[in-house]
1. Kindly report the accessible area of region 138-229 per residue (heavy atoms of protein chains, probe 1.4 Å, no ligands, DNA or RNA), in Å².
2. With an 8 Å Cα cut-off and a minimum separation of 6 or more residues, compute the relative contact order for the chain in percent.
3. I need the trypsin sites (Lys or Arg not before Pro) found in region 336-406, filtered to DSSP loop residues with at most 12 other beta carbons within 10 Å of theirs.
4. Quick one: with all protein chains in place, what share of the accessible area of region 91-181 is carbon or sulfur, to the nearest percent (1.4 Å probe)?
5. Which whole-number value in Å² is the accessible area per residue of region 1-114, probe 1.4 Å?
6. Output the Kirkwood hydrodynamic radius of region 283-357, Cα pairs only, in Å rounded to one decimal.
7. Return the sequence-ordered ³J(HN,Hα) values of region 165-182 in whole Hz as given by the Karplus equation 6.51 cos²θ - 1.76 cosθ + 1.60 applied to θ = phi - 60°, using x for Gly and Pro.
8. Nearest 0.05, what FRET efficiency do SER3 and LYS116 give at R0 = 56 Å with Cβ-Cβ as r?
Amino acid sequence: MTSSKYIILGGGMVAGYAAKELASQGLRSGELLIISADDALPYERPPLSKGFLSGKDTEDGILINKREWYEKQGIDIKLRTTIDKIDLKKKRLHTDSGEVFECETLLIATGARARKLDCPGHDLPNVFYLRSVGDSRTIREKAASSNQAVVIGGGFIGMEVASFLSQKNIETSLIIREDRVWGRVFTPAMSEFFERYYLARGVKLLKNEGVASLQMRDRLDVSLSSGRKISCDMVVAGVGASPVTELFAKSGLAVENGIAVNEYLETNQTGIFAAGDVANYVDKIFDKRRRVEHWDNAVSQGQHWAGVIRGERQPFLHVPYFFSDVFDLSYELWGDSEGATQIIARGDSSSSSFSVWWLEQDCLIAAFVMNRPEEERQCAPEWIKSKQNISADRLKDQNRPIQEAI
């Protein structure tokens, strides 16, 4: 049996940044063990649909910490290690090969896995899902020999992959179940802008469409719910992800759309925490439960857990954040627009320079910023977190500096 003071189960961004934070706080050699089913050290996830996918970033270049760094800190990492049984009362983890690990404090960071298409042919060769560095590498390699591609899903993964494929001069069709791209997040005007942008760059948009089946003949045949068929060399599906919680089904943990934790990332079991994509946490800014599948949340929760277990018992207060790069555009999103009573745009939403501000009564709850003054980027998360009262009339006034809206 191997004993450690701390164990992180999962080798993603939570683990990489939690380890970094603990090391900065005086972690002793041998105190931390990271157990990962992956074959790679913890790495940055955003490049998988951006720089690494395009070939600009290398595998070594996206590592959060190099192997030598872990060795110098005395942090042990067990890669290619699968836990198949867990005893949370004793804090013992059993592998399928018979190894047993125990600890004083456990952080569950098992993340999420890509959701598969719900149709015949969802697991055919040349049907890809993007979740790991291996997935990204395989998509890039297949793209190099492809002429036609189908991307399924109108969210950010689908939009980023369609952008990448189109820029490789691959004839790309984007299949969207809804009536517009990323309708869950974008306003109609925002969706209209991005749809025009994609169409102008050769991406075909098929809206209000589902996938009925996939078949492999000489090439892949994609049959849509409308009866239309598309022949292509490759399919990439970005249709969401599911938290990895199967191991904890009978463990006594509260499992509800992920592992339920409080504002300190604690589960209902003493000494057991959860963070990242798998954690359903109490968002004290928006007074609701939330599970976020994004790198910024994983980074922040990993760092916060390190502080909590070292004695800094503060609630996790973090404005949800997201950024994306598509074609030559970069944009950022903060907050949660649910419950907005007013939406205000600044700049020109028909151009590539505009921002959108969602207000609930007099408080800012979400913001989108693309190619706007730096002051708008700075104000957005600060106003959301502070629940600062905003004047909608002054925010609408394009001639006023953004700071004068408060």
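The values are calculated or read from the model by the stated rules, or taken from the named source; none is laboratory data. Just so you know, these numbers come straight off a predicted model, no measurement behind them. Note that each Cβ is placed from the backbone with ideal geometry, even for glycine, and that neighbours are counted across all protein chains shown. Surface accessibility is based on the protein's heavy atoms, side chains included, excluding ligands, DNA and RNA. Shrake-Rupley method; radii C 1.70, N 1.55, O 1.52, S 1.80 Å.
1. Value returned for region 138-229: 46 Å² of accessible area per residue.
2. Rounded, it is 14 percent for the chain.
3. For trypsin sites (Lys or Arg not before Pro) across region 336-406 that sit outside H, G, I, E and B with at most 12 neighbouring Cβ atoms in 10 Å, the list is empty.
4. Carbon and sulfur together cover 41 percent of it.
5. I get 45 Å² per residue for region 1-114.
6. 14.9
7. Per-residue couplings from phi come out as 5, 4, 6, 8, 6, 9, 5, 10, 10, 10, 8, 10, 5, 7, 8, 6, 5, 6 Hz.
8. The calculated FRET efficiency here is 0.90.
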